[in-house]
Each structure stands twice: as structure tokens, then as C-alpha cells.
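Since every read-out is calculated from the coordinates, none of them should be taken as a lab result. Please read all numbers here as calculations on a predicted model, not as lab measurements. Here Cβ is always computed from backbone atoms with ideal geometry, including for glycine, and neighbour counts include all displayed protein chains.
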Amino acid sequence: MSTTPSAVRSKAVLFDFDGTLADTAADLSRALNRLREARGLADLPLKELRPHASAGARGLIGAGLGILPEHPEFKALRDAFLRHYEAEICVDTRLFSGMEELLTNIETRGLRWGIVTNKSTRLTRLLVRMLGLEARAACVVCGDTTPHLKPHPASLLHAAKELALAPQECIYLGDDLRDVQAARAAGMRSVAVNWGYGEGLAAWRADAIIQNPMELLSTRNVL
């Protein structure tokens with residue numbers, strides 16, 4: 001765990017969704033394998049696809065089929081991927097171990113928490129409802145809420161405004177470099193989580209790195 005001191009105490013905790021709040025890799029990987037099956041290809045194992053889950057359809061189609069967004073087939077594949085994913089969106093998806101305990105502790109402290117993700121509103125709201133979090137999240141900001149995706153800070157700034165807080169009063173947890181970059185650009189403290197899909201966290205220059213959700217509560221100068 002590493003920390004950077006701050007004089008401003010947090011009033012809200014914001015979470016990236018995929019790879020931070022919830023483990024969605026199995027359901028996302030299944031959608032990719034549906035595309036492979038349609039092409040007569042064998043399924044790829046979860047351990048091979050898991051590192052690409054944070055990048056959603058773009059990352060998984062690239063990893064599983066070698067097709068990038070500039071390819072003429074990409075849009076049709078992405079649309080098919082999203083249809084498959086929505087049809088089986090919460091089969092294996094769960095909150096990460098320790099996350100429910102962390103959310104409860106945040107609420108007990110009188111703080112608020114929310115979600116800021118690049119995932120679409122339709123899919124995010126569906127998952128939030130299915131995971132029983134709809135009434136608990138103080139805000140849910142999605143990839144189509146603002147004109148820009150992370151690492152642009154727009155979605156994080158939108159969340160702070162929705163909570164009527166200064167960005168400095170929020171911290172943001174994420175498992176990808178773009179999460180740290182977005183938090184830094186928004187003026188929020190950033191916490192990189194080591195249980196998600198990202199690698200090389202030490203190079204991201206986050207304000208803190210934590211190994212499990214409950215470690216957030218003992219991280220100095222964060223909460």
C-alpha cells in the first residue's frame with residue numbers, strides 16, 4: 001500500500017464498475033465466446049480473457065478475434081457481443097469479496113458512494129439493479145452520461161456535481177490506468193485496486209494501492 005497525504009477528508013467514495021466493484025469477467029468472456037462459436041472457433045478460457053475485461057467489447061473482441069475498432073466488421077461484432085452479454089449479464093457476476101463489507105462500512109460512517117464507469121447506462125443500470133445496489137448508490141455515471149469516456153475527467157466531475165461535492169472531497173477506486181488518469185485530471189484522490197483486471201499498478205502513480213476492499217478503511221489520509 002502506498003499513500004499520498006491530503007488535507008481534505010473524503011465525503012464520497014466512487015467506484016469503477018468492471019474489475020473494481022464487481023467481477024464481471026466471466027459473463028463478458030462468455031459473450032466473446034458466443035462470437036467465437038458463431039465462427040466455428042473453440043472457446044477461450046477465462047484466464048486468457050480476464051485481463052481484457054475492463055476494456056469491454058473493444059478489448060475482448062480484439063483479444064478473442066483479433067479485430068480492432070477500425071476494422072469494417074467491428075461494429076457488427078460489437079453489437080452482437082452486447083446482445084449476447086445483455087442476455088446473460090448477471091449469471092456469474094458478483095461483487096468482489098469484501099466489497100459488500102466495505103460498502104456497509106462506508107454507509108455506516110455516513111459517507112456516500114457511487115459508480116463511475118465507461119459501461120453504457122442500459123447495461124450498468126441493469127446490473128446495479130440485479131446486484132441489489134440500486135437504492136444504495138448515491139450516483140451512477142455511465143459511459144454515455146457525458147460526451148467523453150475515461151481517462152477524460154468529465155464523468156468523474158459529473159459525479160461530484162451530482163453529489164454536490166468538490167472533486168477534492170471524493171476518492172475514486174479503479175483497476176485500470178485510465179481510472180487513475182481520470183481521477184488525477186478531475187482533482188480527486190485515486191486508489192488503484194489490486195484485485196481487478198489491471199497489471200503494473202505501481203507505475204500508475206495512484207495516491208494509494210490497496211490489496212483488498214477493506215484495506216481502504218485503514219489507508220491513511222483517504223477516509
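Quick rundown of the values:
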{"read-out": "Net charge over other residues, Cβ less than 13 angstrom from the Cβ of ARG112 (K, R count +1; D, E count -1)", "value": "0"}
{"read-out": "In the chain, lysine pairs with alpha-carbon atoms under 21 angstrom apart (chain gap of 8 or more, or interchain)", "value": "6"}
{"read-out": "Two-decimal Rg to Rh for region 48-154 - Kirkwood Rh, Cα set", "value": "1.01"}
{"read-out": "Mean Cβ count within 10 Å, highest first, over the residues of peptides 38-51, 18-31", "value": "18-31, 38-51"}
{"read-out": "Normalised per residue, the volume of the convex hull around the Cα set of region 25-87 (Å³)", "value": "69 Å³"}
{"read-out": "Region 105-180: trypsin sites (Lys or Arg not before Pro) falling in loop per DSSP and having at most 14 other Cβ within 10 Å", "value": "ARG109"}
